[in-house]
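Okay, structure first, notes after.
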Amino acid sequence: MKRKKIFSGVLALVMTVSLFAGCGNTSESGGESSPAANAGGNESTAAAAGEESEQASSSGYQTTYGSKQFDGVTIQVELFDRENAPEGSTITDNRWTKYIQDEMGKVGINVEFVAVPRGDEVDKLTSMMAGGIAPDIVLTYTYSIAKDYYDQGGVWNLSEFVDGEGQAENLKAYLGEDVLDMGRTNGEELYGIVAKRATTARSNFFVRKDWMDELGISVPTTVDEVYDMVDQMVHNNPDGRTDVIGSTIWDDGYFMAAFSKLASDPVQSLISCKLTRDYVDEGMKDFYRFRNKMYNNGLLHPEYYALPTDDYIGYIVNGSMATFEDHVGANIDSRDGYALQTLRENDPEADIVAIPPLENIWDGKQYSTTYSQGGLIAFCPKTADAETVEACVTYLDWLCTEAGGFTITQGFEGEHFEYDEDGVPSVIDADYNTADKDWISGDLFITGNGGYFETVDDYNKATSKKYPGYEDYFITDQEYALMGDHIEDIDDSLYTSPSQAELAADINLVRDEWLVKVITCPESEFDANWDSYMAALKDAGVETVHEERTAYFEAQ
């Protein structure tokens, strides 16, 4: 499997522009021990640091967990509240917050959690910062907010707490240089700690494999072969069904990667974003022409643009959906209600599988649209004093140990998991884990997204155990989602151009109106509608946004 990143040639550029965002059985934890006793990893780093506790870094700060005993320093940590705490617990008072408080208490740090509604985190962050009442560790997925506060002098430069020899050794080892540098400005100053994604896999294209096999269709490798496959499934369905829907709208990047002419150009891929891509990427006209052809030949749902989620799920589980694009692993992800397991309750012989990326129409290569390596970003407002920040970075460092991040996300051996013959944590009871820890573990582990794992393969093997009987499906889905060259789904998330706030609403209105027209119009009218769409985008100011983004990225 080829995993060459399309951005490898512009790594320095990516690390610079990534600064921006925008276009259980018991209730007591004191007697519990972490799996670190049974596994290696970053614990050795903390132990080594502890042996040298008298040797501070050049800056005077000691932030490797265990290297310094604090004297009852209290830190406040933001915690996203999804209003999903089980009965008997609250978001800030539960088994896992107590575990953290007990572990940090061992080095003299008191941890207080500050709940912030997940759906309102940006507005809440803004008001807390303005009022000088923000927690000592603040979280956001919108990097530009943290960067703006830093530029205004309201956020600590964490480089003096992280970069020195012996500082934050667990954090640096776990995140790696590339992810750590995503929180830097000017290549040096560290305004935030970016969480490392366990995997960057983003989406899959799924097909009814049982139908494909019965029709004698090979796995498609080109967009034309996909069209022919869908056409046969709709018009020559092997089950004799007349209600088959070829597909629904695609917006997760699988087909965009197959049609994009900019896919092979890393700089232009950075410059283009959702607001501008239709206008600046020549391949998007071919993409929408393809969808127009699908629509006019009855291969798309006739009201795809207004299809309720419940109806979409219903078509999949009742067996009338031939293909669909969705998040990686959606074919077996029962949490969303439309997994293969549900379909098989009605049709035991049914099968839904992911297929590899298609050949790009311009260069014949395979591209996968992926997430960025970084997840949320944590930063420390200047309302915290230096010793508090030192304790905050020590806490983040502990989260990058097995006693920290691993235990929070994987749980305890013998209760939540057992190690299999390959040393991979294997879930004992998924339902138990969901109720006991999974509801909060991801939001507590703020230095990682998706769980504590050293490698993507570790993530794939361990997470596949959550899908008994479907482990191979999970691993295949993940591998296909990272196959070929990678186009990070950064869009406008790395940089917001000066005019974007003013123009985005008008541009999006144009897109919403005209994309329905260009896909649903008669094939003979496609070109005229496309030209009108381009003119409307121009009038709405798309060129201004593109010019500003071009100037910014080319200047880096």
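The values are calculated or read from the model by the stated rules, or taken from the named source; none is laboratory data. For clarity, every value in this text was computed on a predicted model and none was experimentally measured. Cβ: placed from backbone, ideal geometry, glycine included. Neighbour counts: every protein chain shown. These area figures cover heavy atoms from the full protein model, side chains too; ligands, DNA and RNA do not enter into them. Shrake-Rupley method; radii C 1.70, N 1.55, O 1.52, S 1.80 Å.
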Förster radius 22 Å - calculated FRET efficiency between HIS235 and ASN346, Cβ distance, rounded to 0.05: 0.45
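Estimate the FRET efficiency between ASP213 and ASP431 by the formula 1/(1 + (r/R0)^6), using the beta-carbon distance for r and 25 Å for R0, to the nearest 0.05. Walk me through the numbers on the way to the answer.
On the way: r = 33 Å, r/R0 = 1.32.
The calculated FRET efficiency here is 0.15.
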Carbon + sulfur, % of accessible area of the chain - ligands and nucleic acids excluded, 1.4 Å: 44 percent
Segments 280-292, 135-147, 78-90, 317-329 sorted - mean Cβ within 10 Å per residue, highest first: 135-147, 317-329, 280-292, 78-90
Magnitude of the charge dipole, the chain, Cβ model with Lys/Arg +1 and Asp/Glu -1, debye to 20: 700 debye
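Which whole-number percentage describes the relative contact order of the range 380-498, with Cα contacts under 8 Å and a sequence gap of 6 or more? Intermediate values should be presented prior to the final figure.
Working: 84 pairs, mean separation 23.7, N = 119.
Relative contact order, the range 380-498: 20 percent.
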Fraction of beta bridges assigned by DSSP in the chain that are antiparallel (%, nearest 5): 50 percent
The range 535-552 versus the range 202-265: alpha-carbon centroid distance in Å: 33 Å
Theoretical ellipticity at 222 nm over the chain - DSSP helices of four or more residues, -39500 (n - 2.57) apiece, nearest 500: -11500 deg cm²/dmol
Amide H contacts of THR370 (H built 1.01 Å from N, under 5 Å, at least 5 apart or other chain): ILE487, GLU488, ASP489
In Hz, Karplus ³J(HN,Hα) per residue of the range 458-468 (6.51, -1.76, 1.60; θ = phi - 60°; x = Gly, Pro): 4, 4, 4, 5, 5, 6, 4, 5, 6, 10, x
Built amide H within the under 5 Å cut-off of SER426, gap 5+: GLU418, TYR419, ASP420
Candidate lysines - alpha carbon under 25 Å from LYS382, same-chain residues fewer than 8 apart omitted: LYS68, LYS124, LYS147, LYS172, LYS196
In sequence order, calculated HN-Hα J values of the range 402-417 (Karplus, 6.51, -1.76, 1.60; Hz; x Gly/Pro): 6, 5, x, x, 4, 5, 4, 8, 9, x, 10, 4, x, 10, 9, 8
Separation of alpha-carbon centers, the range 290-328 and the range 147-163, rounded to whole Å: 47 Å
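For every other residue with a beta carbon closer than 11 angstrom to the beta carbon of TYR419, add +1 if it is Lys or Arg and -1 if Asp or Glu, then tell me the sum. Spell out each step's value before the answer.
Details: positive: LYS465; negative: GLU413, GLU418, ASP420, GLU421, ASP422.
Combined, the nearby Lys, Arg, Asp and Glu give -4.
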For the range 372-495, with +1 on Lys and Arg beta carbons and -1 on Asp and Glu, the positive-most of GLN410, TRP439, MET483 along the dipole: TRP439
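Per residue, how many Å² of accessible area does the chain show with a 1.4 Å probe?
Details: 22460 Å² over 556 residues.
Averaged over the residues of the chain, the accessible area is 40 Å².
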Leading residue at positive end of dipole, the range 464-556 (Cβ point charges), from VAL518, TYR467, THR544: TYR467
Cut-off under 5 Å, modelled amide H: who pairs with THR140 long-range: ILE377
